[in-house]
Amino acid sequence: MYDNGIVIVGGGHGGSQTAASLRAEGYDGRLTLLTAEREVPYQRPPLSKAFLKDPTHELLPLRPQSFYDKHAIDLRLGAEVTAIDAAAGAVALADGASVPFDRLVLATGARPRVPSVPGIDLDGVHTLRSAADATRLRAALHAANDVVVIGGGFIGLEVAATARLLGKIVTVLEAVDCLMGRVVAPEISRHFLALHRGWGTDVRLNTPVGRIVGESGRVVAVEDGEGNRVPADLAVIGIGVVPNVELAAAFGITVDDGVQVNDFMETSDRHVLAIGDCVRFEHWALKRSVRLESVQNAVDQGKTAATTLAGKREPYRAVPWFWSDQGDVKLQMVGLSMDATESVVRGTPDGGSFSVFHYRGDRLVAIDSVNRAADHMLGRRLIAAGISPPAEVVADEAADLRALVKAPAGA
Ligand code: FAD
């Protein structure tokens, strides 16, 4: 079908899934997976959790090398794509090689956003995205005493919790007035603020970083915008990510804080698809453009891209979900709460196990759960099926919500 084959750029969660799904869909032509990293595609979430905490923890491959061999997937490590060459119908690699394609899938992910503050290039200032980053950070973290985390989002808080478990003195500087503010309910944000403070982390809200202070080229402190100084022998930046769109943009594909794709993961160029953290798409339920950063989204969009390439037209309709482990507490989210108009709590925040159900009008749109995996799993089914239990039923702990998704007797 595609004589020159399909090339996937980026061997993360999305790229690896696309390759596997293409074979599962019956595509038996040439299939090349190019990734700039040196490792066989691996699970990224542990990098801020178990991998960071335990020096003996190894990378967890998404699939073993033997999988790629068995399915004739030409996985090339250390293969950074520098350009898409339209005239040649090929991608150019940093080592001068080129790989022809009929169809291209961009799964280039995202990179950490870096603040433009003085001192950002000092030794001891770290970002975290890749296995190489995590290996460097792990060595530095275990040797450090005073850790300053810049940014109170998921990754910053996971690193902070791990650092506290290792007995470090930890300070989190967050620019706005709440933690994880962009994505979780205020109740959840407050709960995690109390948790981190309870674990002994000095969390400072409304405290943007001013500069990173160094001596002899190494970080010794971080100063906030008002000049207050926090000692640091390690600073970790966790202020979000920037999508890797440069290849697409240089090729003339439409880009706007993410490569623009339609419901089938197709870009503005008919030869090129894109998936995962690097894309922006119009969400069918929210009726607005979103860019999602999660394993679920990358994996499910990889499956959709594969079905598109296999000649099927199945629009992307997966229910979004995400998790974050901070210390021994599990936060799970399903759906998207950004346009919610009302929320109701189920369970007991004081007891450390509760969920916040978000509604838009009377429609259930999202659930954030703290140590309540059953609510999360049920939420995935409720939202997928379009079932919205009334808020007063949700608030009643005695009400059995599972009955709502059970098949009626005799059905
Ligand atoms: P990625 O997995 O980032 O893969 C992109 C790949 O493309 C990379 O290997 C990159 O090197 C490669 N690449 C980029 N440009 C080029 C190029 N020009 N040439 C060749 N290769 C290129 N999500 C959750 O749902 N739950 C979690 O608990 C969670 N924890 C996380 C913890 C950490 C530390 C990090 C960094 C992320 C975490 N995430 C979590 C987010 C999740 O990992 C991402 O959403 C997911 O990896 C996105 O998959 P992707 O395939 O789009 O991109």
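Laboratory data are not the source of any read-out in this text; all were calculated from the coordinates shown. It should be emphasised that the depicted structure is a prediction, and the values quoted were computed from it without experimental measurement. All Cβ positions, even for glycine, are placed from backbone atoms using ideal geometry, and neighbour counts span all protein chains on display.
Let me know the shape class of the stretch 15-90, please: from the alpha-carbon gyration tensor, a ≥ b ≥ c as square roots of the eigenvalues, rounded when a/c is under 1.5, otherwise prolate if a/b is greater than b/c, or oblate.
oblate
Under 19 Å between C-alpha atoms is the cut-off here; go through the chain and count lysine pairs that meet it, provided they're at least eight residues apart or on different chains. Mind dumping the intermediate values first?
On the way: 49/168; 49/330; 53/168; 53/330; 303/312.
Close lysine pairs found across the chain: 5.
If each of residue 215 and residue 392 carries a label point 7 Å out from its Cα toward its Cβ, how far apart are those two points in nm?
Output for this residue pair reads 6.6 nm.
Packing-wise, with mean Cβ within 10 Å as the measure, how do 326-333, 103-110 rank, highest first? Please report the intermediate quantities before stating the final value.
Numbers: 326-333: 19.5, 103-110: 26.5.
Ranked by mean Cβ neighbours within 10 Å, highest first: 103-110, 326-333.
³J(HN,Hα) across the stretch 303-313 via Karplus (A = 6.51, B = -1.76, C = 1.60, θ = phi - 60°), whole Hz, x for Gly/Pro?
5, 5, 4, 5, 5, 4, 5, 7, x, 9, 10
Taking K and R as +1 and D and E as -1, what net charge do the other residues with C-beta under 13 Å from the C-beta of residue 270 add up to?
Details: positive: 103; negative: 102, 266, 269.
My count for the surroundings of residue 270 gives -2.
With θ set to phi - 60° and the Karplus curve 6.51 cos²θ - 1.76 cosθ + 1.60, what are the ³J(HN,Hα) couplings of the stretch 69-81 in order, to the nearest whole Hz, using x for Gly and Pro?
Ordered by residue, 3J(HN,Hα) equals 5, 4, 9, 6, 9, 7, 8, 10, 8, x, 10, 8, 7 Hz.
Would you mind calculating the gained length between residue 38 and residue 69 on full extension (0.36 nm times residue separation, minus the Cα-Cα distance), in nm to one decimal?
Details: separation 31, 0.36 × 31 = 11.16 nm, distance 1.69 nm.
Contour length minus Cα-Cα distance gives 9.5 nm.
Kindly put 226, 158 in sequence by how many other C-beta atoms sit within 10 Å of each C-beta, fewest to most.
Details: 226 8, 158 22.
By the 10 Å Cβ count, ascending, the order reads 226, 158.
Between 208, 5, 245, whose Cα lies farthest towards the positive end of the dipole of the chain when Lys and Arg beta carbons carry +1 and Asp and Glu beta carbons carry -1, centred on the Cα centre?
Farthest towards the positive pole: 5.
List the residues of the stretch 389-403 whose backbone N lies under 20 Å from a point placed 7 Å from the Cα of residue 348 along the Cα-to-Cβ direction.
Output list for this probe position: 393-401.
How big is the charge dipole of the stretch 131-179 about its Cα centre, in debye rounded to the nearest 20, if each Lys and Arg gets +1 on its Cβ and each Asp and Glu gets -1 on its Cβ? Display every interim value, and only then the final one.
Details: 4 positive and 5 negative charges, 52 e Å.
Charge dipole, the stretch 131-179, about its Cα centre: 260 debye, nearest 20.
Kirkwood Rh over Cα pairs of the stretch 64-221 into Stokes-Einstein at 20 °C, 1.002 mPa s: D in µm²/s?
Details: Rh = 18.9 Å.
Estimated diffusion coefficient is 114 µm²/s.
Report, in debye and to the nearest 20, how large the dipole of the stretch 30-157 comes out about its Cα centre when Lys and Arg carry +1 and Asp and Glu carry -1 on their Cβ. Mind showing how you got there, number by number?
Numbers: 14 positive and 14 negative charges, 82 e Å.
In total the dipole reaches around 400 debye.
Within 10 Å, count the other beta carbons around each residue, average over each peptide in 376-382, 341-347, and list them highest first. Show your work: numbers first, answer last.
Numbers: 376-382: 19.7, 341-347: 16.4.
Result, highest mean first: 376-382, 341-347.
Which one, 43, 134, 159, is farthest towards the positive end of the dipole of the chain when Lys and Arg carry +1 and Asp and Glu -1 on their Cβ?
It is 43.
Among 282, 397, which comes first, second and so on when ranked by fewest other beta-carbon atoms within 10 Å? Don't skip to the end; give the middle numbers.
Values: 282 13, 397 9.
Neighbour counts put them in this order, fewest first: 397, 282.
With charges set only on the Cβ (+1 for Lys and Arg, -1 for Asp and Glu), what does the dipole of the chain come to about its Cα centre, in debye to the nearest 20?
On the way: 42 positive and 50 negative charges, 134 e Å.
The dipole magnitude comes to about 640 debye.
Can you tell me the length gained on complete extension of the stretch residue 374 to residue 242, counting 0.36 nm per residue apart and subtracting the Cα distance?
Numbers: separation 132, 0.36 × 132 = 47.52 nm, distance 3.31 nm.
Difference between extended and current length: 44.2 nm.
So if R0 is 22 Å, what FRET efficiency would residue 56 and residue 136 give, r being the distance between their Cβ atoms, rounded to the nearest 0.05?
On the way: r = 17 Å, r/R0 = 0.77.
With a Förster radius of 22 Å, E is 0.85.
Sort 155, 169 so the one with the fewest other Cβ atoms within 10 Å of its own Cβ comes first. Kindly include the intermediate steps, with their values, before the conclusion.
Numbers: 155 24, 169 18.
With the sparsest Cβ surroundings first, the list reads 169, 155.
Is the shape of the chain best called rounded, prolate or oblate, per the rule: a/c under 1.5 gives rounded, else a/b larger than b/c gives prolate, else oblate, with a ≥ b ≥ c the square roots of the Cα gyration tensor eigenvalues?
oblate
If we count every other residue with Cβ under 13 angstrom of residue 79's Cβ, Lys/Arg +1 and Asp/Glu -1, where does the sum land? Spell out each step's value before the answer.
Details: positive: 38, 76; negative: 37, 39, 74, 80, 95.
Every neighbour counted, the sum reads -3.
Calculated FRET efficiency, residue 270 and residue 116, Cβ-Cβ r, R0 35 Å, to nearest 0.05? Display every interim value, and only then the final one.
Working: r = 38 Å, r/R0 = 1.08.
The pair residue 270/residue 116 has a calculated efficiency of 0.40.
Which net charge results for the neighbourhood of residue 171, defined as the other residues with beta-carbon distances under 9 angstrom from its beta-carbon, given Lys and Arg at +1 and Asp and Glu at -1? Display every interim value, and only then the final one.
Working: positive: 204; negative: 146, 202.
Residues close to residue 171 contribute a combined charge of -1.
Go through the stretch 268-285 residue by residue and turn each phi into a ³J(HN,Hα) via Karplus (6.51, -1.76, 1.60, θ = phi - 60°); whole Hz please, and just put x for glycine and proline.
6, 9, 6, 8, 10, 10, 8, 8, x, 4, 8, 10, 10, 8, 7, 7, 5, 8
Using helices alone, what [θ] at 222 nm do you get for the chain, with -39,500 (n - 2.57) per DSSP H run of 4 or more residues, divided over all residues and rounded to the nearest 500? Kindly include the intermediate steps, with their values, before the conclusion.
Working: 10 runs with 99 residues, N = 411.
-7000 deg cm²/dmol, from helical runs alone.
Have a look at the DSSP beta bridges in the chain and tell me what percent are antiparallel, nearest 5. Before the final figure, lay out each step's value.
Working: 50 of 82 bridges.
DSSP beta bridges in the chain are roughly 60 percent antiparallel.
Rounded, prolate or oblate: which fits the stretch 328-406 when a ≥ b ≥ c are the square roots of the eigenvalues of the alpha-carbon gyration tensor, with rounded for a/c under 1.5 and prolate only if a/b beats b/c?
Details: a/c = 1.38, a/b = 1.24, b/c = 1.11.
In terms of gyration-tensor shape, rounded.
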